[in-house]
Amino acid sequence: MPINYKQELNPEQLAVVTSGDGPCLVLAGAGSGKTRTLVYRVAYLLERGIQAENILLVTFTNKAATEMKERVKHLLGFNPDGLFAGTFHSIGNLLLRRYADKLGYNRSFNILDQEDSVNMVKSCMADMALNVKGQNFPKANVVHSIISYARNCNEDLTEVVTGRYGYPGFVAENFDRIAKGYDAKKKQANVMDFDDLLFNWLKLLEDFPEIRKHLSDQFKYILVDEYQDTNYIQAAVIKNLVNADNNILVVGDDSQSIYSFRAADVANILHFPKQFPGAQMYRIEKNYRSTPEILSLANEVIEHNQDKFEKLLQPVRINGKLPALIPARDVYQQAHLVSNKIIELQDKAVDYRNIAVLFRSTFHSAEIQLELAKRNIPFILRGGKRYFEQAHVKDMISHLKIMANFKDELSWKRVLRMYDGIGATSADNIWQFVLKYPSLIDLINDDVAIKSARAKNSWQRVAAMFQFLTSLDVTQKGVLAEAVIHVMEHGYKDYLKNTFDNYKDRLDDLHQFVDFVMTYDNLENLLADVMLSENFAKDNTKDKDNAVILSTIHQAKGLEWKYVMMIGVRNGDFPHHKSLDDMKQLEEERRLFYVAVTRAKDELYMFYPIRKNTFQYGEMTGGPSMFITEVNENKYTTTRANNFIEEDDPWDREETVYYD
């Protein structure tokens, strides 16, 4: 039976499916059924006699490609063999298998995974005799990540190394040498990494006109999903593939472009009409996900962005509750409020899996994770490790554990292996010395016999650091924060920068950790809370299918929940304070806020702590995010904490003035 498109699609979707010839930009708002539209467009083309091999459907995940192919098959009642549907990387791989010899590769080339790629970069660094620890040079994983970012942005590597990442000129020069050596090794070994699948695909199209013509003749219809997330190379590949008929249809939402840190460029979708003159623009604005009240807030939030396409999410659902803004006294009361609401919903037979807690950065969730663990509320952190399980946070905790119990072998070895000249063997030898001493002070005051000059020098640095740490009175509130800062300032910041490509984000995590430990005047209590969180994570795995979801907003894109709680919606935290002087960054922060709001189906709660205790500035007070204050107050309701909580608040120790 032929598909009844008028019956199965709304008018906006139908227009795209039946009239999408020539260059077309489809602006598909959140929850508007863009996947459905793409699937029906492919089916429509096939029903009208377009051969499957003449259609190219590009997605960003293998899961999306598989889902779309299955849905097309279900619609048509048969499998359209020959349809080119997949991710940019998978399609690049297929095409390079045909033409790799043009670029000096054998067609049977292998593909390097992330680990293999990093190891090959490490080999190049070894050829150059670069001693990562000794010369304060970044590790191979960081080098590989930076080279990859520069390639995908089409930016000069030296400028990226010095400008974006802040390394000195001599480091940048070595980066350039490593990149050239890395390319030579790959060619020699007949291997490509994931970036090469795109870079070499583009090279084929630009350097070999006959190949470009053959492929553009083959792909008579090109459809691209999530176009707002494309980088320079991906957009250039698509532009080179389009033939004279210009049958290029891209679907996306500029208001959900939030991945510039991965080299995605919102300009690709914003400038599409300029790149393809005469392009038709379609808007799919009917939202099937959220209540009118949630969409009304989302629409007004994004309206404050200047660099955007105008669109208006239109609700299909009936009225619900206004989004709620809840001021909390501090991050601890915020955690208590969120936990109470989760318990209240669960008492009303709401499954945990229908509840999500979203945040700008992982460190905003530290207190939430502790509170949920104490309440025995199951939760899953999407897209990463829990706050206290992250490597850089565990590094800090290891230093504190040694202060509390200097016979902690695992913590000693973790700390020691961060230092130049101390590998597994040297760490074992030093540990044997530790066992001989009755106290940490006795150990660091003695002359430990170490043969290696590099290892001995590093041990002296470790001993000097603990000499200072043991002199601190950690029973005084704020002193533990001083201890963490001392570790950070005496070598750990350099270690962080040279070990992790996202060291700036990790540094933000550690600044938050400083503020977290500042509230403790007892080291044992601090470590007990941390261990409670870690043990909860290990033990609480019985019912992963029914747990509260904790997620950064970046990781939540494309998902939805009945109940969404945003935390840390505080001015200076969201938007991130570093974005305030850069309009492009500020607008991406606003898009991030918009993405968070549009994840909610039924109810949206936005929490922010009024007070924030920081080591650097002391106690600070602040109001809600500018993304809240710049919209009309009738878009949400403000609920005082003492009205929001239905039970006694253990943090309610004093009168508080709330900012409405």
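Condition first: charged (D, E, K, R) and in contact with a Phe, Trp or Tyr (Cβ under 9 Å, 6 or more places away or on another chain). Now tell me which residues in region 88-145 satisfy that. Answer for region 88-145, where residues must be charged (D, E, K, R) and in contact with a Phe, Trp or Tyr (Cβ under 9 Å, 6 or more places away or on another chain): R97, K102, R107, D113, K133, K139.
Just one of (1) touching a strand residue (DSSP E or B) at 6+ places or on another chain (Cβ under 9 Å); (2) of a type outside the set (F, W, Y); (3) open to solvent by less than 50 Å² (accessible area, probe 1.4 Å); (4) farther than 21 Å from A404 by Cβ fails for T499. It is (1). The set of residues in region 345-365 that are of a type in the set (A, V, I, L, M, F, W, C) and either buried (at least 20 other Cβ atoms within 10 Å of the Cβ) or in contact (Cβ under 8 Å) with a residue 40 or more places away in the chain (or both) comprises L345, V350, I355, A356, V357, L358, F359, F363.
Of the residues S260, S339, the single one that is open to solvent by 20 Å² or more (accessible area, probe 1.4 Å) and among the polar types (S, T, N, Q) is S260. Among residues of region 184-198 being assigned to a helix (DSSP H, G or I) and under 19 Å from S108 (Cβ atoms), the one that is farthest from the chain's Cα centre (by Cα) is Q188. Of all residues in region 44-71, those satisfying the criterion of being of a type in the set (G, A, S) and surrounded by 19 or more Cβ atoms within 10 Å (Cβ to Cβ) are A64, A65. Taken together, the residues in region 366-393 that are surrounded by fewer than 17 Cβ atoms within 10 Å (Cβ to Cβ), of a type in the set (A, V, I, L, M, F, W, C) and under 20 Å from H554 (Cα atoms) amount to 0.
Only one of the numbered conditions (1) at pLDDT 95 or above; (2) open to solvent by less than 40 Å² (accessible area, probe 1.4 Å) is violated by V242, and that is (1). Is it the case that some residue within region 296-303 is open to solvent by less than 10 Å² (accessible area, probe 1.4 Å), in contact with a Pro (Cβ under 7 Å, 6 or more places away or on another chain) and not assigned by the TED database to the domain that holds A30? Looking for residues that are open to solvent by less than 10 Å² (accessible area, probe 1.4 Å), in contact with a Pro (Cβ under 7 Å, 6 or more places away or on another chain) and not assigned by the TED database to the domain that holds A30, one finds at least one in region 296-303, hence yes.
Here's the yes/no breakdown for (1) crowded, with 20+ Cβ neighbours inside 10 Å; (2) farther than 30 Å from Q7 by Cβ; (3) in contact (Cβ under 8 Å) with a residue 40 or more places away in the chain:
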{"position": "G29", "(1), (2), (3)": "yes, no, yes"}
{"position": "V42", "(1), (2), (3)": "yes, no, yes"}
{"position": "G82", "(1), (2), (3)": "no, no, no"}
{"position": "G92", "(1), (2), (3)": "yes, yes, yes"}
{"position": "S123", "(1), (2), (3)": "no, yes, yes"}
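Would you say Y232 is under 32 Å from the mean Cα position of the chain (by Cα), open to solvent by 10 Å² or more (accessible area, probe 1.4 Å) and closer than 29 Å to L592 by Cβ? Yes; evaluated as a whole, the condition is true for this residue.
The values are calculated or read from the model by the stated rules, or taken from the named source; none is laboratory data. In this text, all values refer to a predicted model and were calculated from it rather than measured experimentally. So basically every Cβ, Gly included, is an ideal-geometry build from the backbone, and we count neighbours across all protein chains shown. Please note that ligands, DNA and RNA were not included when accessible areas were found on the heavy atoms of the full protein model with its side chains. Shrake-Rupley method; radii C 1.70, N 1.55, O 1.52, S 1.80 Å.
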